[in-house]
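Here's the structure we're looking at; comments come further down.
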Amino acid sequence: MAAAPSGMKNFYTVIGAVAVVGLGLLGWQLSRRSTISIPANVVVVPADTAGFRGYILGSDSAPVEITMYADYQCPGCANFDIVTFPDVRTRLIQTGLVRWRYRDFPLSSIHPYARLAQHAAACANDQGKFWPMHTLLYEGQPDWASGGAQKQFRKYAGIVGLDVDKYDACMASGKYAGRIEASYQEGEALGVGGTPMFLIGGRLYEGMSYDQMKHLVDSLIAVKSGK
Amino acid sequence: MKYRMAAAVLALAGFFLAAYLYLYKIGRIGSMMCGTGSCEAVQLSRWSRFLGVEVSLIGVLGYLGLLVLALVATRPALDAVRWPSRWLAVLSGIGVLFALYLTALELFVIHAICRWCVGSALIITLIFIASALDLRRFRGARV
């Protein structure tokens, strides 16, 4: 039996109300400038990688280069950065034995805030504060890994002394999404399957202790110097 | 007729829900409103694409199709006609099977539950139930 005219009127009223509420909620979500996400499905263009080979520490003349592929939301990477990296930095990098290259390898499928964190670090790099931001991101990982990441990163931006307005503009632009994806694709092409992973002397190594890394660096230096 | 109307309202709600998920996926919406669920883990997993297409986009198009069909079905001239109910039941039935597949992935493969996806599964199931109830009007009839 067809609905009475009043029934149709009620139906159109309900449909209209749902449409207004739905459009309103979507519009509100789209207009929330305070929320930022860094898309993974970006098309990498040459400008994303031009002249950028990662975040580098150490001398250009160091005999060994170590490239670390890492994800800021990965607990193993945080553990490496907090426990092992200080030794690596003072005893291998600062002594001129190693040039360190840090590359983004965000495992977005299991770490939803990884790309946002990598982007926050890239924005800090714009103001010359990559490494302080990098350290804070790892040290604070338990505070943001389960939520509130964007707010926490903004707090770190203030702590490391960034111009927060410039940081906000950089984050809102998402301008490093392509570069992060390019780094990820580079790692994938090399065979990086997890994090942290290190490319040393043309080979990939999974999470290493300081002693293992030192031993390997010494061996590579010995081979290079013909000892 | 009331079941077709219910299907239309539900399809519109499902359309907005799927659109929200799709806008998030293409980076137009920041962090998801998810409460205690694991929406981002699910939405950013490799299972969020099906045959190379974003699952949320499939949802947007699917709900849009159901909405148009249900709105057509509510025209008084089609009230006594069976085909709109049959097509609503067939399409929403496919949707229910797809939702079951996605829910199984969440539970057994991704090990995370997105409450928006649960909401969508509920909506498509209700559309199917409404369509099936509407089809009952035509039992024994050949219209």
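The values are calculated or read from the model by the stated rules, or taken from the named source; none is laboratory data. All of these numbers come straight from a predicted model, not from anything done at the bench. Positions of Cβ are generated from backbone atoms using ideal geometry, with glycine treated the same way; all protein chains shown enter the neighbour counts.
Table for the structure above
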item	result
Total residues in the range A:142-161, condition surrounded by 17 or more Cβ atoms within 10 Å (Cβ to Cβ) and either among the basic types (Lys, Arg) or touching a Lys or Arg at 6+ places or on another chain (Cβ under 6 Å) (or both)	2
Any hit, the range A:100-109, residues being over 30 Å from A:Pro63 (Cβ atoms) and of a type in the set (Asp, Glu)	no
Hits in the range B:3-15 (condition: more than 10 Å from B:Val68 (Cα to Cα) and within 7 Å of chain A (Cβ to nearest Cβ))	B:Met5, B:Val9, B:Ala13
Which numbered condition A:Met1 fails, given (1) aliphatic (A, V, I, L, M); (2) surrounded by 11 or more Cβ atoms within 10 Å (Cβ to Cβ); (3) modelled with pLDDT under 80	(2)
Residues that are free of Cβ contacts under 8 Å to residues at least 12 places away in the same chain and farther than 15 Å from A:Tyr102 by Cα, drawn from the range A:189-216	A:Ala189, A:Gly193, A:Gly202, A:Arg203, A:Asp211, A:Gln212, A:His215
Residues that are more than 14 Å from chain B (Cβ to nearest Cβ) and of a type in the set (D, E, K, R), drawn from the range A:91-116	A:Arg91, A:Arg99, A:Arg101, A:Arg103, A:Asp104
Filter pass, A:Asp71 being modelled with pLDDT under 90, under 30 Å from B:Ile26 (Cβ atoms) and surrounded by 17 or more Cβ atoms within 10 Å (Cβ to Cβ)	no
Qualifying residue in the range A:126-138 (condition: buried (at least 22 other Cβ atoms within 10 Å of the Cβ), in contact with a strand residue (DSSP E or B) (Cβ under 8 Å, 6 or more places away or on another chain) and within 25 Å of A:Thr84 (Cβ to Cβ))	yes
Only listed residue being within 23 Å of B:Leu21 (Cβ to Cβ), modelled with pLDDT of 95 or more and in contact with a Leu (Cβ under 8 Å, 6 or more places away or on another chain), chosen from B:Leu122, B:Leu126	B:Leu126
